[in-house]
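The values are calculated or read from the model by the stated rules, or taken from the named source; none is laboratory data. Just so it is clear, the model here is predicted, and its values are computed rather than measured. Using ideal geometry, Cβ is built from the backbone for each residue, glycine included, and neighbour counts are taken over all protein chains shown. Ligands, DNA and RNA are stripped out before the accessible areas are found, and what is left, the full protein with its side chains, is counted by its heavy atoms. Shrake-Rupley method; radii C 1.70, N 1.55, O 1.52, S 1.80 Å.
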Amino acid sequence: MVSSGRLAGALMRQGVVDEYRFAVYPIRSGKGRRLFADGIQADLSLVEVVGFDRGIVLATYLSQSPPRSGDPQTAGSAIG
C-alpha cells in the first residue's frame with residue numbers, strides 16, 4: 001500500500017502491517033519528516049535489497065512483532 005504517513009502510522013500503531021518497502025534515494029537535504037513518529041517502534045528484519053541506477057535502493061523488511069489478537073493473521077479466514 002502506498003499511503004500518507006498519517007495512515008501508515010495509524011496502521012503501525014494497530015500492529016497490522018506485516019511488510020515494509022522503502023525506496024531510498026541518495027539525496028542529502030539535512031531536513032525532512034521522520035520516518036516513524038514518536039512513540040512508534042518497529043521491530044523489523046531486512047529480507048531483500050534491490051539496487052537500481054543512480055544509487056536508488058528498494059529495501060524490503062518484515063515485521064518481527066507478534067500479531068495482535070483479532071488481526072487477520074491470527075483470526076480464522078472469512079473468505080471462502
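The table for this structure:
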quantity	calculated
Candidate set: the range 16-40, residues that are open to solvent by less than 100 Å² (accessible area, probe 1.4 Å) and farther than 18 Å from residue 59 by Cα; chosen: the one modelled with the highest pLDDT	16
Residue 72 within 18 Å of residue 10 (Cβ to Cβ), surrounded by 10 or more Cβ atoms within 10 Å (Cβ to Cβ) and at pLDDT below 85	yes
Residue that is nearest to residue 50 (Cα to Cα) [pool: residues in the range 5-34 that are in contact with a strand residue (DSSP E or B) (Cβ under 7 Å, 6 or more places away or on another chain) and either aromatic (Phe, Trp, Tyr) or outside any strand (DSSP E or B) (or both)]	22
Pair list, Cβ < 9 Å and 6+ apart or interchain, from the range 44-60 residues that are open to solvent by 50 Å² or more (accessible area, probe 1.4 Å) to residues that are of a type in the set (Asp, Glu) and modelled with pLDDT of 95 or more	58/48
